[in-house]
1. Using DSSP, restrict attention to beta bridges with both residues in segment 37-107 and report what percent are antiparallel, rounded to the nearest 5.
2. May I ask you to derive the relative contact order of the chain, considering only C-alpha pairs under 8 Å and at least 6 residues apart, and to give it as an integer percent?
3. Can you give me the angle between helix 78-88 and the longest principal axis of the chain, using Cα atoms only, in degrees from 0 to 90, rounded to the nearest 10?
4. Which whole number in µm²/s is D for segment 26-113 by Stokes-Einstein, with the Kirkwood Rh taken over Cα pairs at 10 °C and 1.306 mPa s?
5. Please build a GNM for the chain, connecting alpha carbons under 10 Å apart, and tell me which residue among Asp46, Asp59, Asp33 fluctuates the most.
6. Between Ala117 and Thr20, what is the FRET efficiency for a Förster distance of 35 Å, r being their Cβ-Cβ separation, to the nearest 0.05?
7. For a quick protection proxy, order the peptides 63-70, 22-29, 85-92 by their average other-Cβ count within 10 Å, most packed first.
8. If you line up the long axis of helix 103-122 against the longest principal axis of the chain, both from Cα atoms, how many degrees apart are they, to the nearest 10?
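Nothing in this text is a laboratory measurement; each read-out follows from the coordinates by a stated rule. All values reported here derive from a predicted model rather than from experimental measurement. Reconstructed Cβ throughout: ideal geometry from the backbone, glycine too, with neighbour counts over all protein chains shown.
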Amino acid sequence: MARRSSGGPRYPRSARVGETLREIIAEDLVRLDDERLAFVTVTGIDVDPELNRAIVFFDSLAGEEGDEEIIEALSEYRIRLQSSIARQIKTKKTPILEFRPDIAIRSSERIDEILRADRQRRS
């Protein structure tokens with residue numbers, strides 16, 4: 001029976017890379033002087049197994065109304081973000097970034113609103 005050298009759980013490489021990318025991109029967004037990205041949070045990154053592409057999920061205080069403008073701003077900085085990633089991680093290739101709003105976060109917020117309204121109605 002083979003033993004793992006580390007005591008922690010084993011994660012797929014794409015998940016580890018995704019977490020590292022999330023940290024790098026979040027740090028870089030703080031450094032960017034662009035008011036369109038002032039209240040944007042990187043909520044997760046989905047990296048394909050070959051590390052060719054990465055979908056960057058975000059949320060913001062602007063909500064759905066600000067998504068188009070945020071995607072436009074992030075797309076303008078895509079090359080800069082990819083360069084920063086390439087400098088900070090040791091992989092043969094840097095994933096091409098794609099940006100999408102985090103629908104799961106918004107769905108959970110909407111469900112929470114519905115439950116809150118139902119509790120108030122019952123009170």
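1. Looking only at bridges with both residues in segment 37-107, the antiparallel portion is about 55 percent.
2. 24
3. 50
4. Value of D from the Cα-based Kirkwood radius: 115 µm²/s.
5. Asp33
6. Values: r = 40 Å, r/R0 = 1.13.
With a Förster radius of 35 Å, E is 0.30.
7. Numbers: 63-70: 13.2, 22-29: 17.2, 85-92: 11.6.
Most protected by this proxy first, the peptides run 22-29, 63-70, 85-92.
8. 30
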